[in-house]
Amino acid sequence: MIDLRINDQIHSVDVTPDTPLLWVLRDILGMVGTKFGCGIAECGACTVHLDGKAVRACVLPIGAVSGRSVTTIEGVGADPVGKAVQEAWIERDVVQCGYCQPGQIMAATALLKETPHPTDMQIDEALSGNICRCGTYGRIRDAVHAAAERQS
Amino acid sequence: MNAFAGKPNAARRAVLIGGGALVFSAALPLRRGRARDLGGVPETGVLVENPANAFSPNAFVRVTPSAAGEAGEIVMVMPNVEMGQGIYTQSVVLIAEELDVDPVNILLEAAPPSDVYMTAALGTEATGGSTSTMSQWDPLRQAGAAAREMLKQAAATRWGCSVDLLKTENGKVLNTKTGQSLFYGEVASEAALLTPPKDVPLRPSSEWKLIGHARHRLDSRIKVEGRCEFGIDVIKPGMKVGTVSACPVMGGRVKSMDRAAALAVPGVCDVLKIDNAVCVVADNYYAAHKGLKALFVQWDEGENAHVDTALIYQQLHDGLNDPKPLVAEKHGDAPKALAGAAKTYEAIYQQPLLAHSPMEPINCALHIRKDGADVWVSTQVPLRARDAVAEIAGLPKESVTLSSQYIGGGFGRRLEHEYVAQAAMFAKQVPYPLKIVWSREEDIQLDRYRPAYVDRVRAGLDEKGDMTSIVFDLVGPAVCARWAPAGMTKEGFDPDLAVAIAPPETPYYYKNFQENYIRRETPGVVTAWWRGVGGTRGLFVIESFMDELALLKNVDPLEWRRRLISHEHPRARGVLDLVAEKSGWGKPLPPGHGRGVCLQFVFGSYMATVATVNLEDPLNIKVVSVDSAVDCGEIVNPDQVIAQIEGGVIFGLGTALFDEITLKNGRVQESNFSTWRIIRMNEAPPVRVHLVQSHEKPGGIGECGTAAIAPAIANAIAAATGRRLRTLPLMKALHSSEGEN
Ligand code: FES
Ligand code: FES
């Protein structure tokens, strides 16, 4: 049994320790907001926070997560920065298919927590690991700036 | 008059790709009384089940009866699937405009598989070809209007007054004389007893409150909070997860595998086999994935094991020498004019195989039992998918339910349903509900690809360099022959290949024109539709060629196009002038920079695009900005038109720069986003969209941007460097000399 702290709740799961966090979330805990896109840390669809930092859940063995705090898209709205990001996304109508957006929002929230007023370059740096096949990058950038505004 | 109107090919193409309407009748599809798990209170965007006992005047509107003073639920049935294009929001707006309800108070139901929701233009229940707005425009407003009139009539009877005294507002019927009001739900039961009126006059545009105004998408909140249920997210009691591997060489079969090794992986519970694929089933995807590796499948590769990319291109180029091409369409006598021309000009263009790679990898969840089956899947073709499951499971169609899920990207990939058929072949071997999820590698390597094409264009020019004739030789497969055989011409032409280059879907007037087709099916892969379909293919050819002619004659490329626009297409001139103004066309640029233009009339919409590129580094194409001027007729939601152009441009831009599917020994070489490159935020230029106000019939918009961008960039590169790249992808062409033939 491995104990996990996810969105401030404790879960115990019985899987091999090499199982990536992504599949524990999706297939064992039924928390399907975190998405599978590539499985090799190339697309960012699976981005979650581990102790506040953006990480790729598809390559994060659950054994390495034990005792640390995980935040997912289902819980990030409880954080004022996460909430501001979600609201900015709605206001700017960022989403198209929406499949990449949980990952984008997690990455953007982690950025804003560290850098409350990022430049375009800093946004590029933080978010270029997150692919959006629908091509919503321009609106994502606008929404990150808008979320930063909301915070100040 | 359009010289081509009524010509069989043009008409057929119009039916296949362009106009057409949703066929809708009063007959309601049969539903089984299942409740979709809502995970709490129903809210806009979350899909609900068809409510029982509702007032259902047509296939699109449901009003549940309510107690006195209560509102009741209003459910709208979405005839097209939502894959990012914003169609759910748009469908609601079209109905709500006539029904007088606030879109944010509406619940949504995805249409079940049924002929009732057929898109006539596509010949089945399908979402694709940018047909949704065009096909929904009248039927959905009529559905709202008919329901409204019935609710008013029911209220008039209740109050014993004339219906002329009544009006509707925000989900209520109001009596203008007495001030009384009733929620729609309060009169729903009485309204249900009335006969739906036919041909209720639709409101004129001057009275619209919703259409034409920017509005937020209804599916945003569930998507940003991670509560949107895509196909891959479906979980049902007792469900297991499987992942598959099909023979990487088309036509091959399973030779051997180590079943015991797979079953020894913790969590793995089953190994399933069909002729050309295997599936490992487990408690979770990762265990299944590990099991699949341990299975160590070996293949009998079959006859396609020799296919590689060079062979595919060689067959296409050889096609140009075919002595007997099919004359698909013509006007005047182009070959004669060409032979007698003062000068001729010729160019050959080559385009690669392309994968779709939507962000949601291919998946399908289903439960096949003796007495029926349930399917939960992201699909652009629900009816075909349902019928395939019924056939494979040996079940009557009516016993198979299919829930259309939110789609994490379609782009034409989910117009195919072979993955549903494959899933059914596995699922019928097990008693439990099974969700099959493909790895990204499987998704890219077992895709059905946008075909590779080779096109030759020849123009006859007079002494002044003006074009007197144009002849196209198109070499490539006919996707239509497999996907919609009825759409082929009787001579054997796939009309999609003429899109963007031939009348009526070009803004240009050709004095003498001929289009020859040499059909060459691609060995080793199945070819399919891809975002922008014929428009993406054709525009790269014609808009590159137009640019070449302009430069040959030393005329400004934008001015050259302006001169060639047919007088039947004044709107083409409008978008061209607008984009010239907005992009600063003609204004000086820094060294190494260039601008390129693309003009188009496809999917019923006019668009002109200017891309600005920077090639200060001669081995790297940096796209600086993109401007598009769009006239797509009447607009339901301006902001979503802008979003579709922005997204479509970025989608097409990355592909035009980087992407090509290649084969070696029959196997696709690209496998995941490390080798199949998707454009990223730091590479994506700003896309500025400029809308033209118009009251013309609405055109499609989801694919226009994708179709425009490759030629706009190629033309900009020519302007910046003098190099003409005629082969896609452009980065590869830039680095080789091949691109310039
Ligand atoms: S699924 Fe983890 S980065 Fe793509
Ligand atoms: S919104 Fe579709 S992949 Fe980003």
Relative exposure of B:V613, B:V297, judged by other C-beta atoms within 10 Å (fewest first): B:V297, B:V613
Collect residues whose amide H, placed 1.01 Å from N in the peptide plane, falls under 5 Å from the amide H of B:T662; neighbours closer than 5 in sequence don't count. B:Q669, B:E670
Please give, to one decimal in nm, the separation of the simple spin-label points placed at B:L263 and B:I235, each 7 Å out from Cα toward the Cβ. 2.8
Stretch B:D164-B:K697 to full length: gain in nm at 0.36 nm per residue minus the Cα-Cα span? 188.8 nm
Quick check: net charge around A:E74, other residues with Cβ under 10 Å of its Cβ, Lys/Arg +1 and Asp/Glu -1? 0
Could you compute the net charge surrounding B:S671? Neighbours are other residues with a C-beta less than 15 Å from the C-beta of B:S671; K and R count +1, D and E count -1. -3
For region A:76-150, the spread of Cα positions along each principal axis, largest first, Å: 27, 25, 17
Between B:A342 and B:Q429, the two model label points (7 Å from Cα along the beta-carbon direction) sit apart by a distance in nm of 7.1
In the neighborhood of B:S181, defined by Cβ-to-Cβ distances under 11 Å, what is the net charge if each Lys or Arg adds +1 and each Asp or Glu adds -1? 0
Once amide H atoms are placed 1.01 Å from N in the peptide plane, what residues at a sequence separation of 5 or more from B:S605, or on another chain, have their amide H within under 5 Å of its amide H? B:G700
In chain B, whole DSSP H helices that both stretch 27 Å or further along their axis by alpha carbon positions and average at least 0.5 on the Kyte-Doolittle scale are B:533-553, B:638-658
Those trypsin sites (Lys or Arg not before Pro) from region B:157-234 that are DSSP loop and have at most 10 other Cβ neighbours within 10 Å turn out to be B:K198
For chain A, what is the relative contact order in percent, using Cα pairs closer than 8 Å and at least 6 residues apart in sequence? 24
Charges at C-beta only: +1 for Lys and Arg, -1 for Asp and Glu. How large is the resulting dipole of the protein assembly as shown about its Cα centre, in Debye rounded to 20? 620
Counting only backbone N atoms under 18 Å from a point 7 Å out along Cα-to-Cβ of A:R5, the residues of region A:30-59 in range are A:48-55
Estimate the FRET efficiency between B:R253 and B:V327 by the formula 1/(1 + (r/R0)^6), using the beta-carbon distance for r and 51 Å for R0, to the nearest 0.05. 0.80
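We did not get these values from a lab; they are worked out from the coordinates using the rules stated. Source: prediction; values computed, not measured. In this analysis, Cβ positions are derived from the backbone assuming ideal geometry, glycine residues included, and neighbour counts consider all displayed protein chains.
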